[in-house]
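Reviewing the structure listed below.
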Amino acid sequence: MIGPAASDRVELADGQLAVRPGGTPLYAARALRQAGAACVAVESGHLHSWVRHTGSTTEQRLGAMPEPLAPSRARALLPRLAGCQWVLLGGQTGGDFPPETIRVLTDAGHRVLLDGQGLARGTRGGPVQLGPIDPTWYAGTTVLKLNEAEAAAAGSLAHVPELLLTHGTAGASITAGGATIEVAGSGAEFTDPTGAGDSLSALYCLARALGREPADACWFAIDGVERLYK
């Protein structure tokens with residue numbers, strides 16, 4: 001998994017405050033280690049983030065924006081990624097992973113799951129505001145992962161082999177091969193859901209690497225996240 005590390009200020013629904021490290025590399029690696037899998041975690045930059053969980057929604061504000069992962073840096077990472085069938089790209093903004101950088105990874109034979117939250121946010125700092133996603137920014141990826149709000153703002157999501165759409169504690173859906181399959185979650189609320197999306201993406205990649213089909217991989221990921229975040 002590759003993505004910027006974060007310094008998160010997290011406010012939970014009960015009013016508790018915490019300042020701690022965050023970002024996709026941290027949460028995704030934790031989920032994979034819990035599942036007994038080896039992984040490579042690469043911090044591509046750093047940013048500051050304020051997150052507020054209300055119980056039904058999550059609000060976020062971004063600051064100290066990370067530098068994009070340039071194609072030259074991606075090429076330099078390829079030796080570290082040798083043996084990794086899948087690469088999870090966990091961006092915070094639309095500029096974190098330029099199309100040319102994704103192409104470096106796919107040309108090297110990696111299958112890419114791109115967390116589209118950054119694409120929906122664009123390249124601006126401050127309070128997160130979602131908007132349309134340019135399809136050229138996820139070209140070549142095998143999986144695009146979004147939540148419901150991001151997907152609603154994204155516009156047309158054509159030409160994605162696998163679209164992983166999360167519904168919070170209600171579960172997720174996976175669209176692949178022209179069919180959409182809903183996979184229900186337990187509905188139980190997480191005390192602190194920070195990083196749950198990163199964990200789900202990582203576990204989906206693990207399941208696909210183990211040869212599971214998309215629907216079964218989606219179930220595996222949801223089950224794993226619920227075990228982690230109970």
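The values are calculated or read from the model by the stated rules, or taken from the named source; none is laboratory data. From a predicted model like this one, the values you see are computed outputs, not experimental measurements. Cβ atoms come from the backbone with ideal geometry, glycine included; neighbour counts cover every protein chain shown.
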With the structure loaded, tell me whether Arg111 is of a type in the set (Lys, Arg), farther than 19 Å from Pro66 by Cβ and in contact with a Lys or Arg (Cβ under 9 Å, 6 or more places away or on another chain) or whether it fails that test. yes
I need the full set of residues from the stretch 64-90 which are in a loop (DSSP other than H, G, I, E, B) and under 23 Å from Pro161 (Cα atoms), in order please. Gly83, Cys84, Gln85
Look at Ala153 and say whether it is in a helix (DSSP H, G or I), in contact with a Leu (Cβ under 9 Å, 6 or more places away or on another chain) and either farther than 13 Å from Gly3 by Cβ or touching a residue at least 24 places away in the same chain (Cβ under 8 Å) (or both). yes
Test of understanding: among Asp198, Asp192, which residue is outside any loop (DSSP other than H, G, I, E, B), closer than 20 Å to Arg52 by Cβ and charged (D, E, K, R)? Asp198
Can you tell me which residues in the stretch 98-141 are touching a residue at least 60 places away in the same chain (Cβ under 8 Å) and either hydroxyl-bearing (Ser, Thr, Tyr) or within 19 Å of Ser72 (Cβ to Cβ) (or both)? none
Just give me the residues in the stretch 209-228 being in a helix (DSSP H, G or I) and either farther than 25 Å from Ala5 by Cβ or modelled with pLDDT under 90 (or both), in sequence order. Pro214, Ala215, Asp216, Ala217, Cys218, Trp219, Phe220, Ile222, Asp223, Glu226
Here is a list: Thr123, Thr93. Which entry is under 30 Å from Ala37 (Cα atoms), at pLDDT below 90 and in a loop (DSSP other than H, G, I, E, B)? Thr93
Which residues, taken from the stretch 27-72, are under 21 Å from Ser201 (Cβ atoms) and among the β-branched types (Val, Ile, Thr)? Val40, Val42, Val51, Thr57, Thr58
